[in-house]
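Take a look at the structure below.
The values are calculated or read from the model by the stated rules, or taken from the named source; none is laboratory data. Everything quoted here is computed from the prediction, not taken from an experiment. For neighbour counting, all protein chains shown are included, and Cβ atoms are generated from backbone atoms with ideal geometry for every residue, glycine included.
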Amino acid sequence: MSFPSWVVWALLSASFAALTAVFAKAGVRHVDADLAMALRTLIVALLIVPFVLVTGKWSNPLDLAPRTQLFLTLSAVATGASWLCYFRALQLGDVTKVALLDKFSVVLVVVFAVAFLGERPSLREWAGIGLMVAGLAVLVLKR
């Protein structure tokens, strides 16, 4: 069976995200969550920037269209806010519960894509989103 390349990359992303949660939980045990997130961000930059340079993909970011700059900046701000909240949640709660609730972002992505990007999920896709919400409710909410 052959998968589209985006499926392989998405599965790899999910796998690394799972490792990120477990490693981050272990890493915030004896350090402030904000400091831990800052250190992680610096390490990511130290890995990604040389990668982009070595692969010849670097170009002057100021040459990008203003709209592209705006949305990449907004994405970075949202990422930073998400990571701050995520690390704080990891420090305070069980990684299994935090990671599950964090995946509510998948549902919100669909809602925001419909509202802001004009995407139109099929009825089958909405049913899947509904099942995700129900599953999260079962796993996270206490009786």
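If the requirement is being in contact with a Lys or Arg (Cβ under 7 Å, 6 or more places away or on another chain) and part of a helix (DSSP H, G or I), which of these qualifies: LEU90, LEU74?
Values: LEU74 fails: in contact with a Lys or Arg (Cβ under 7 Å, 6 or more places away or on another chain).
Answer to the check: LEU90.
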Can you tell me which residues in segment 116-127 are part of a helix (DSSP H, G or I) and under 23 Å from SER82 (Cβ atoms)?
-> PHE116, LEU117
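Considering each residue of segment 133-143, count those that are over 25 Å from VAL28 (Cα atoms) and assigned to a helix (DSSP H, G or I), and give that number.
Applying the first criterion (over 25 Å from VAL28 (Cα atoms)) to segment 133-143 yields 133-135, 137-138, 142-143.
Those left that are additionally assigned to a helix (DSSP H, G or I): 133-135, 137-138.
Counting residues in segment 133-143 that are over 25 Å from VAL28 (Cα atoms) and assigned to a helix (DSSP H, G or I) gives 5.
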So which of LEU74, LEU84, LEU62, LEU92 ends up being within 16 Å of VAL31 (Cα to Cα) and loosely packed, with under 12 Cβ neighbours inside 10 Å?
-> LEU92
When only residues in segment 1-58 that are without any contact (Cβ under 8 Å) to a residue 40 or more places away in the chain and of a type in the set (S, T, N, Q) count, which is nearest to LEU90 (Cα to Cα)?
-> THR20
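So that you can scan it fast, the table gives a plain yes or no per residue for (1) surrounded by 11 or more Cβ atoms within 10 Å (Cβ to Cβ); (2) over 17 Å from the mean Cα position of the chain (by Cα); (3) farther than 19 Å from CYS85 by Cα:
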| residue | (1), (2), (3) |
| --- | --- |
| SER2 | no, yes, yes |
| ALA17 | yes, no, no |
| ALA21 | yes, no, no |
| ALA24 | yes, no, no |
| VAL31 | yes, yes, no |
| ALA38 | yes, no, no |
| LEU46 | no, yes, yes |
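I'd like to verify a number: residues in segment 73-115 that are of a type in the set (Lys, Arg) and over 22 Å from SER15 (Cβ atoms), how many? Quick ask: steps written out before the conclusion?
Filtering segment 73-115 for residues of a type in the set (Lys, Arg) gives 88, 97, 103.
From the residues that got through so far, the ones that are over 22 Å from SER15 (Cβ atoms) too are 88.
Within segment 73-115, residues that are of a type in the set (Lys, Arg) and over 22 Å from SER15 (Cβ atoms) number 1.
Any residue at all in segment 97-115 that is outside any helix (DSSP H, G or I), within 20 Å of the chain's Cα centre (by Cα) and not aromatic (Phe, Trp, Tyr)?
Among the residues of segment 97-115, at least one is outside any helix (DSSP H, G or I), within 20 Å of the chain's Cα centre (by Cα) and not aromatic (Phe, Trp, Tyr), which makes the answer yes.
Does LEU92 meet the test of being in contact (Cβ under 8 Å) with a residue 12 or more places away in the chain and within 21 Å of LEU139 (Cα to Cα)? Steps first, please.
Working: in contact (Cβ under 8 Å) with a residue 12 or more places away in the chain: no; within 21 Å of LEU139 (Cα to Cα): yes.
Considered against the rule, which asks whether it is in contact (Cβ under 8 Å) with a residue 12 or more places away in the chain and within 21 Å of LEU139 (Cα to Cα), LEU92 comes out as no.
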Keeping to segment 51-61, report how many residues are in a helix (DSSP H, G or I) and over 21 Å from PHE23 (Cβ atoms).
-> 4
Residues of segment 110-132 being surrounded by fewer than 13 Cβ atoms within 10 Å (Cβ to Cβ) and closer than 30 Å to GLY27 by Cβ, which ones?
-> PHE112
Somewhere in segment 97-108, is a residue surrounded by 13 or more Cβ atoms within 10 Å (Cβ to Cβ), at pLDDT below 95 and hydroxyl-bearing (Ser, Thr, Tyr)?
-> no
